[in-house]
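The values are calculated or read from the model by the stated rules, or taken from the named source; none is laboratory data. Predicted model only: the values in this text are computed from it and were never measured. Because the Cβ atoms are built from the backbone with ideal geometry, glycine has one as well, and the counts that use them run over all protein chains shown.
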Amino acid sequence: MEADALNKIAVIVAHYAPEGDEDRSHRALERTLGSLVDAESPGLATVLVCDDGSPGHAALVSGAERREDAGGREVFVRRLDDPMIAELGVAIPRGVEGLWLYLPKVRLAMCKARLWNLAARLTAHDRLVFLDDDHELAPGGGLKRFAELLERFPIVFGQVVGRSGRPRPFTSRRVQGTTFALRASVLRACGGFGEWTEAVSCGIDSDLWWKLYRYAIELGGDQACYTSSIRTVDSINKRWKKFSGRWNRRVSLRRAFEKEHGCADYRDPQRNPSRCKERWMVDLT
């Protein structure tokens with residue numbers, strides 16, 4: 001895979017640094033960004049860090065370029081080499097280039113879908129890789145492998161390794177909102193990430209899988225794959241939990257999901273076939 005092919009990839013990274021936990025969150029982001037710099041991938045893709053209103057990053061607003069998302073919310077954009085990023089305590093690894101998008105909080109809600117939709121619109125690249133900031137790529141040319149598989153499949157899911165050290169198997173019924181790649185045309189055809197999930201502050205993963213499943217089934221053929229040749233390690237989690245930790249969040253999401261998609265129970269593989277990978281993904285594990 002030549003460097004110019006890799007340069008057609010945008011890596012979109014969700015980021016949030018909770019108050020009091022900035023250092024750990026920043027180090028996780030640095031490791032994830034650093035994992036994109038690989039000797040097998042000399043033409044590093046453009047990176048867009050999507051900052052979901054980290055409390056300690058409010059200084060990014062002053063003097064930044066202003067962009068609006070589809071709903072009119074202002075997002076503040078800086079280059080990753082902007083000195084202000086370093087002043088936050090984030091050391092961008094050498095060789096990583098791109099943008100930092102900061103969306104101030106207007107309410108306590110996870111806005112990952114909104115930010116990822118904007119990032120996908122800001123880039124001109126057709127190949128989009130999505131990662132959470134605490135999911136660094138395992139050594140072995142994961143970025144190059146994404147590029148190769150996107151030539152065969154418009155939807156590519158890598159494998160997540162949990163903090164226990166065990167990889168999630170192909171047979172797992174869990175949905176996955178990181179370590180995947182899409183052609184931009186697929187994301188547009190699916191209507192983007194579900195910004196309706198902000199109302200319940202969870203469910204972006206289930207919403208995406210439902211849409212991708214429907215897309216793959218309607219087109220037929222091999223539209224999606226799941227591979228163990230691309231892995232990320234889940235280093236920290238639950239940082240968004242304060243936005244979705246109320247006791248009835250699953251009830252709220254179930255009702256909202258049924259209203260949005262007509263599926264009575266988003267967690268039940270019998271009612272939500274997108275959770276059964278064998279129905280719509282090629283197993284490359």
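What the table shows:
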| read-out | value |
| --- | --- |
| Scope the stretch 56-80; condition among the hydrophobic types (A, V, I, L, M, F, W, C) and assigned to a loop (DSSP other than H, G, I, E, B); matching residues | V61, A64, A70, L80 |
| Residue check, A17 part of a loop (DSSP other than H, G, I, E, B), of a type in the set (G, A, S) and modelled with pLDDT of 95 or more | yes |
| Index of the failed condition, Y266 passing every other in (1) within 20 Å of P169 (Cβ to Cβ); (2) at pLDDT 95 or above; (3) in contact with an Asp or Glu (Cβ under 9 Å, 6 or more places away or on another chain) | (1) |
| Check on R250, modelled with pLDDT of 95 or more and not hydrophobic (A, V, I, L, M, F, W, C) | no |
| Inter-residue pairs, beta-carbon under 9 Å, first within 20 Å of P55 (Cα to Cα) and in the stretch 106-127, second surrounded by fewer than 18 Cβ atoms within 10 Å (Cβ to Cβ) and not hydrophobic (A, V, I, L, M, F, W, C), 6+ apart | V106/R73; L108/K242; C111/R73; C111/K105; R114/G71; R114/R73 |
| Complete set of residues in the stretch 178-201 that are in contact (Cβ under 8 Å) with a residue 60 or more places away in the chain and not aliphatic (A, V, I, L, M) | T178, G192, F193, G194, E195, W196, T197, E198, S201 |
| From G63, G53, G34, residue being in contact with a strand residue (DSSP E or B) (Cβ under 8 Å, 6 or more places away or on another chain) and either of a type in the set (A, V, I, L, M) or at pLDDT 95 or above (or both) | G53 |
| Count - residues of the stretch 251-285 that are within 22 Å of S201 (Cβ to Cβ) and in contact with a helix residue (DSSP H, G or I) (Cβ under 9 Å, 6 or more places away or on another chain) | 16 |
| Residue ID - surrounded by the fewest Cβ atoms within 10 Å (Cβ to Cβ), chosen from residues in the stretch 269-285 that are out of contact with any Asp or Glu (no Cβ under 8 Å at 6 or more places or on another chain) and in a loop (DSSP other than H, G, I, E, B) | Q270 |
